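Inspection log for the structure reproduced underneath, given as structure tokens.
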Amino acid sequence: MSDLSSDQVLAQTRAWLERAVIGLNLCPFANGAYLKNQVRIVVSDAKHLDGFLDTLDAEIQHLRETPASVTDTTLLVHPGLFADFLVFNDFLNVVDAVLEEHDAVGEFQVVAFHPEFLFEGEAPDDMSHYTNRSPFPMLHLLREDSLSQAIDAYGDTDAIPLRNQRVLRELGLTRWQALLSDK
């Protein structure tokens, strides 16, 4: 488990969201929802996987019961349960099963972020991995309807990953770390 308080985890997650995701425009859809206070960040302190799954269930229910104008998306963060990226990556199969259990496939999409995120086929030290690296393991629960509307308004979303890879490679590790440092 992490030695950080929930408030510290929340602060670091917000800093990452503001400085990297929004600041570098890694997700061109994030700024609008964030400025409208429609991004919910939930820090789980579950001691075991079952508790984390209960929190995931609750967040799916929250999104179903709450208008998108109030909560459009949720970042579900756990600072200590998934230290190993490969374990976290395997856990995503369970997340898919949870969506199926809730009959939520097509209603919600989940994007994974992890401090050690690795894309298959990329060199381990390639900056492209940082498009999905976050301070803590997290699941980003997105509404499919909102995502579709954002994509329709944005246009060519195929260019986003390539742009992000270029931006991060130009930025480099030292500047990435400085971006997220509190100094």
**OP:** Go through (1) modelled with pLDDT under 95; (2) loosely packed, with under 14 Cβ neighbours inside 10 Å and name the single condition residue 61 misses.
**Re:** (1)
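Of the residues 81, 10, only one is surrounded by 13 or more Cβ atoms within 10 Å (Cβ to Cβ), within 14 Å of the chain's Cα centre (by Cα) and not polar (S, T, N, Q); which? Explain how you work it out, then say what you get.
Numbers: 81 fails: within 14 Å of the chain's Cα centre (by Cα).
On inspection, the qualifying residue turns out to be 10.
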Original post:
Which one is nearest to residue 115 (Cα to Cα), of the residues in the stretch 63-79 that are touching a strand residue (DSSP E or B) at 6+ places or on another chain (Cβ under 7 Å) and polar (S, T, N, Q)?
Top reply: 74
Subject >> Top-ranked residue of the stretch 95-116 - restricted to ones that are closer than 15 Å to residue 138 by Cβ and of a type in the set (A, V, I, L, M), ranked as surrounded by the fewest Cβ atoms within 10 Å (Cβ to Cβ) >> reply: 111
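May I ask you to verify whether residue 17 is among the aliphatic types (A, V, I, L, M), part of a helix (DSSP H, G or I), in contact (Cβ under 8 Å) with a residue 60 or more places away in the chain and on the phi < 0 side of the Ramachandran plot? Before you say what the answer is, go through the steps one by one.
Details: among the aliphatic types (A, V, I, L, M): yes; part of a helix (DSSP H, G or I): yes; in contact (Cβ under 8 Å) with a residue 60 or more places away in the chain: no; on the phi < 0 side of the Ramachandran plot: yes.
So residue 17 fails the test.
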Original post:
Does at least one position in the stretch 159-172 carry a residue that is free of Cβ contacts under 8 Å to residues at least 12 places away in the same chain, hydrophobic (A, V, I, L, M, F, W, C), under 20 Å from residue 30 (Cβ atoms) and surrounded by fewer than 19 Cβ atoms within 10 Å (Cβ to Cβ)?
Top reply: yes
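One line per residue, one yes/no per condition, for (1) closer than 30 Å to residue 181 by Cα; (2) free of Cβ contacts under 8 Å to residues at least 24 places away in the same chain:
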residue: 35; (1), (2): yes, yes
residue: 73; (1), (2): yes, no
residue: 77; (1), (2): yes, no
residue: 94; (1), (2): no, no
residue: 106; (1), (2): no, no
**OP:** Tell me which residues, restricted to the stretch 44-71, are of a type in the set (A, V, I, L, M, F, W, C), free of Cβ contacts under 8 Å to residues at least 60 places away in the same chain and within 17 Å of residue 111 (Cα to Cα).
**Re:** 52, 53
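Being over 30 Å from residue 168 (Cα atoms) and of a type in the set (Phe, Trp, Tyr) is the filter here; which residues of the stretch 24-65 pass it? Don't jump to the end; show me each part of the working.
Step one: list which residues in the stretch 24-65 are over 30 Å from residue 168 (Cα atoms), which gives 45-65.
Passing the criteria: only 52.
The values are calculated or read from the model by the stated rules, or taken from the named source; none is laboratory data. Remember, predicted model here, so these are calculated numbers, not experimental data. Note that each Cβ is placed from the backbone with ideal geometry, even for glycine, and that neighbours are counted across all protein chains shown.
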